[in-house]
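Just below is one structure, and these are the notes that go with it.
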Amino acid sequence: MGAAAPVKPTPILHVTGARPNFPKAAPVIAALTALDLAQTLVHTGQHYDDRMSEVFFRELGLPTPDINLGVGSGSHAVQTAAIMVGLEELMMAAPPELVVVYGDVNSTVAAALVAAKLHIPVAHVEAGLRSFDMTMPEEVNRRLTDQLSDLLLVTSRDAIGHLEREGIQSDRIHFVGNPMIDTLLAHLDSFDVDKARRDHQLTDQFVVATLHRPGNVDDEASAQSLVRVLHEIADRLEVVFPLHPRGRARLEAAGLSQHSRIRVVDPLGYTEFISLVRGSAAVVTDSGGVQEETTVLGVPCLTLRPNTERPVTITDGTNQLVTVDSVVAAVDAVLARQDHDQRVPELWDGSAGVRIAAVINNFLQQRRTGLPSMPVEG
Ligand code: UD1
Ligand code: UDP
């Protein structure tokens with residue numbers, strides 16, 4: 001991904017930046033392209049390693065970003081401010097009619113804030129999720145982004161209530177389903193469990209583990225507890241752990257790799273990662289997106305967090321919240337069970353991108369013509 005290219009004005013500006021943004025943006029961009037709407041794709045550069053970024057562009061058919069701001073890592077203020085400065089320059093030089101932001105990362109809130117101050121409308125994909133835990137940076141980002149957004153595109157019904165209680169007008173909220181699940185369903189044929197097993201020398205049942213939340217990996221004592229229970233799980237079955245760069249140093253210092261049945265690997269590309277998840281007996285995670293993907297794949301998900309902003313994955317899916325004290329027993333219970341429920345949340349059907357594109361198209365038409373908008377979602 002190269003440096004900043006000359007800016008060309010287009011009606012829609014997508015802002016992405018971190019790993020979970022890419023599988024959410026891909027179906028939205030594809031559906032808007034099918035409507036023949038011109039778009040500009042910005043990558044803020046929040047994530048920049050090949051395995052955290054470019055691999056998703058290669059695998060998910062995302063267009064090469066028109067602009068990469070290359071902001072890189074930093075404290076919250078440093079990173080958010082750098083994204084804002086870069087985006088303000090872009091949006092002032094070529095103001096779009098709408099800025100589309102995804103999820104809850106720093107790139108999301110930075111883009112929404114810049115657009116709102118320039119009086120450019122914002123569409124928030126995955127609006128209204130709430131963990132009610134303001135110690136999580138994502139919760140801060142979500143709440144602020146939603147307040148700044150004109151279109152609130154929600155993945156589950158509970159999000160509608162959260163937004164309405166925060167004073168968001170109902171006619172701005174659109175229940176469209178989950179675009180991350182569009183990406184999952186569109187790639188089902190490419191997930192090759194046997195190959196993933198061979199590539200990772202997995203001979204029997206295995207667990208996939210992913211952990212990167214600050215509350216889990218930023219603190220030495222907490223990293224040590226995690227490693228202790230992961231070793232206990234590895235006493236039972238093999239564990240593959242694609243290690244997010246955030247926790248790498250602390251988890252490794254706590255001895256993560258020092259168990260013969262734990263395979264610690266670099267972050268994986270999407271296809272390889274989901275292939276492993278699909279073939280696993282259970283996933284132990286603190287990822288947001290993985291809670292959703294396991295639900296649709298019917299793979300038991302043990303979420304090592306005190307809360308989740310995605311309760312629909314518990315009520316209508318395979319997710320359960322666990323602690324370091326309960327996770328090993330939860331793995332045992334999952335292994336003892338023969339059958340697993342497979343329910344899929346409402347509208348997680350592979351068509352969220354199309355619904356989002358229809359809402360956006362309608363919004364743009366309405367602003368251009370001044371005519372009232374048409375209802376587009378079911
Ligand atoms: C960010 C999001 C989080 C999301 C996660 C997805 C925020 C506040 N957090 O967390 O919601 O779940 O992405 O993965 O936006 N690093 C690299 N290479 C990279 C990117 C990061 O080595 O390509 C390292 C750097 O040391 C950096 C650290 O990871 O300081 C954290 O990166 P950052 O983007 O600040 O937050 P994440 O923990 O990745
Ligand atoms: N993912 C991946 N490789 C990995 C770990 C995760 O492709 O090694 C994918 C995962 O399937 C999901 C997305 O990355 O599509 C979730 O990103 P992450 O867990 O980093 O962020 P969160 O969802 O927690 O914000």
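Results, tabulated for the structure shown:
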item	result
Criterion (free of Cβ contacts under 8 Å to residues at least 12 places away in the same chain and more than 16 Å from ligand 1 (Cβ to nearest atom)) met by exactly one of 329, 357	329
Any hit, the range 28-41, residues being assigned to a loop (DSSP other than H, G, I, E, B), open to solvent by 50 Å² or more (accessible area, probe 1.4 Å) and modelled with pLDDT under 95	no
Out of 310, 248, sole residue that is more than 30 Å from residue 156 (Cβ to Cβ), modelled with pLDDT of 95 or more and within 15 Å of ligand 2 (Cβ to nearest atom)	248
Residue within the range 56-73 that is open to solvent by 60 Å² or more (accessible area, probe 1.4 Å) and more than 26 Å from residue 273 (Cα to Cα) present	no
Matching residues in the range 270-289 - criterion: being crowded, with 22+ Cβ neighbours inside 10 Å and either part of a strand (DSSP E or B) or of a type in the set (Lys, Arg) (or both)	282, 283, 284, 285
Qualifying positions in the range 40-88 - without any contact (Cβ under 8 Å) to a residue 40 or more places away in the chain, in contact with a helix residue (DSSP H, G or I) (Cβ under 6 Å, 6 or more places away or on another chain) and either more than 13 Å from ligand 1 (Cβ to nearest atom) or acidic (Asp, Glu) (or both)	84, 88
Selection count where residues are open to solvent by less than 40 Å² (accessible area, probe 1.4 Å) and polar (S, T, N, Q), scope the range 74-99	2
Hey, residue 240 part of a strand (DSSP E or B) and either without any contact (Cβ under 8 Å) to a residue 24 or more places away in the chain or touching a Pro at 6+ places or on another chain (Cβ under 9 Å) (or both) or not	no
Residue among 263, 337 that is charged (D, E, K, R), modelled with pLDDT of 95 or more and farther than 20 Å from residue 186 by Cβ	263
Search result, residues across the range 295-318 that are within 16 Å of ligand 1 (Cβ to nearest atom) and under 19 Å from residue 244 (Cβ atoms)	301, 303, 304, 305, 308, 309, 310
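Rundown of residues vs (1) within 13 Å of ligand 1 (Cβ to nearest atom); (2) within 27 Å of residue 56 (Cα to Cα); (3) of a type in the set (Ser, Thr, Tyr), yes/no style:
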position	(1), (2), (3)
197	no, yes, no
202	no, yes, no
212	yes, yes, no
220	no, no, no
245	yes, yes, no
257	no, yes, yes
270	yes, yes, yes
285	yes, yes, yes
290	yes, yes, no
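The values are calculated or read from the model by the stated rules, or taken from the named source; none is laboratory data. This structure is a prediction, so every number in the text was calculated from the model and none was measured. Note: ideal-geometry Cβ built from the backbone for every residue, glycine included; neighbour counts use all protein chains shown. Each accessible area value is taken on the protein alone, full model and side chains, heavy atoms only, with ligands, DNA and RNA left out. Shrake-Rupley method; radii C 1.70, N 1.55, O 1.52, S 1.80 Å.
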